[in-house]
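The values are calculated or read from the model by the stated rules, or taken from the named source; none is laboratory data. Every value quoted in this text rests on a predicted model; they were computed, and no experiment measured them. Cβ: placed from backbone, ideal geometry, glycine included. Neighbour counts: every protein chain shown. The area values use the complete protein model at the heavy-atom level, side chains included, leaving out ligands, DNA and RNA. Shrake-Rupley method; radii C 1.70, N 1.55, O 1.52, S 1.80 Å.
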Amino acid sequence: MIAVVFGVLSALALGVADFLANRNAIRLGADRALCGMLAVGTAGLTATGLFMGAGAPDSVGAAALVLLHGVCLALALLLFFAALARGPISVAAPIVGAHPVLVVAFAVFAGRIPGLSEWAAMTAIVAGVVLVGYATGGKGGSATKGAARRVLPIAVSASSLYAIAVVAGQEAAVLSGDFSTLWFGRLAGLLLVTALLAARGRDLRFWRLSPGWQGLVAAHGVLDTLGFFLLLAGGTTANPEFTAVISSTFSVVTIVLACIFLRERMTPLQVSGVVLIVGGVATLGYGGA
């Protein structure tokens, strides 16, 4: 049951964070939005870690997994934010949200074989996420369809890297703890993204932004960090794939916010997808209880 709770809370935090990511990516650019988010998260984690006396990964294997997690996550989010800035939120987010297919495949490979009801629940969740994205991509004029085609390869690449980051992060959390994994993973990602921005001559002086945009960047960083902390915390449970699958429904939270604030509409097929997701999450939660 705790894996399900971690997944639900993670999805809520990441869904709101990705809605803010869309706003920030349009205003600042995907790379600068990501750098600002990572900087906020790393600063907060560093202050907390020093206060708690938390340490770095204490083995080569754990350090390698943390590095893989941080680098893949930074690249995945860079691509994801670029997709959010180039296309409708309701097209890019569900494609990336389908990444649990790879996470569950790894769980099976590692010997964690779900039961029949759990398979059905996870299948319903992933199918719901994909259905929401398919229904969105199929509506609208040629401009909308053209945007979806442009976003597709970016979002698919982001989804694959995201799955690797989730698996590596959850495995590292077992060895080093969820906090240390998140802390040093964020630090690795921040160093990578900062180097990429510096090489491109991008402006890193975020303090020159207006207070309103600084607040959005800070909120994005806090919520994204919280969402990933909960996702990695789920990696220390008996069923980390449950947390990963449920957390992937963050795209639905993002889409609902887009409908409320940006007037993007949900079709009946998308509503059906949401029903599948809710039913799948409820089934996993009931089984865990």
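Test of understanding: in a Gaussian network model of the chain with alpha carbons linked when under 10 Å, which of THR181, THR123, THR48 would top the mean-square fluctuation ranking?
In this elastic network of the chain, the residue with the biggest mean-square fluctuation among THR181, THR123, THR48 is THR48.
Go ahead and set up a Gaussian network model of the chain, Cα springs under 10 Å, then flag whichever of LEU77, LEU161, LEU152 fluctuates most.
Most flexible of the set in this elastic network: LEU152.
To the nearest 10 square angstrom, how much accessible area does LEU192 have with a 1.4 angstrom probe?
Its heavy atoms expose roughly 50 Å² to the probe.
Can you give the calculated 222 nm mean residue ellipticity of the chain, where each DSSP H run of n ≥ 4 adds -39,500 (n - 2.57) and the sum is split over every residue, rounded to the nearest 500 deg cm²/dmol?
On the way: 12 runs with 238 residues, N = 289.
Dividing the helical sum by the residues of the chain leaves -28500 deg cm²/dmol.
Does the range 171-289 come out rounded, prolate or oblate, given a ≥ b ≥ c as the square roots of the eigenvalues of its C-alpha gyration tensor, rounded meaning a/c under 1.5 and, failing that, prolate meaning a/b above b/c?
Working: a/c = 2.77, a/b = 1.25, b/c = 2.21.
Cα axes put the range 171-289 in the oblate bin.
Of ARG23, ARG86, ARG205, which has the most accessible area with a 1.4 Å probe, and how do the rest follow in descending order?
Values: ARG23 80, ARG86 160, ARG205 105 Å².
Ranked list, largest accessible area first: ARG86, ARG205, ARG23.
Could you size up the charge dipole of the chain around its Cα centre, putting +1 on the beta carbon of Lys and Arg and -1 on that of Asp and Glu, and report it in debye to the nearest 20?
Numbers: 16 positive and 10 negative charges, 236 e Å.
Taking the Cα centre of the chain as origin, the dipole is about 1140 debye.
Positive end of the charge dipole of the range 144-289 (Lys, Arg +1 and Asp, Glu -1 on Cβ, about the Cα centre): tell me which of VAL156, THR249, ALA282 has its Cα farthest that way.
Toward the positive end, the furthest listed residue is VAL156.
Can you work out the base-10 log of I(q)/I(0) for the range 27-71 at q = 0.16, 0.19, 0.28 1/Å, using the Debye formula on its C-alpha atoms alone?
-0.60, -0.77, -0.99
Calculate one ³J(HN,Hα) per residue across the range 34-47 by plugging θ = phi - 60° into the Karplus curve 6.51 cos²θ - 1.76 cosθ + 1.60, and present them in order as whole Hz with x for glycine and proline.
My calculation for the range 34-47 gives 5, 4, x, 4, 5, 5, 4, x, 5, 4, x, 5, 5, 4 Hz in order.
For the chain, which whole-number percentage of the solvent-accessible area (1.4 Å probe, protein heavy atoms only) is attributable to carbon and sulfur atoms?
Values: 8570 of 12140 Å².
Carbon and sulfur: 71 percent of the exposed surface of the chain.
Considering the range 1-79, what Rg and Dmax in Å follow from its alpha-carbon atoms?
Cα radius of gyration and Dmax of the range 1-79 are 15.0, 41 Å respectively.
Taking the chain as the region of interest, what is the percent of Cα-Cα pairs per 10 angstrom bin, listed from the shortest bin to the one with the maximum distance?
7, 30, 36, 21, 5, 0
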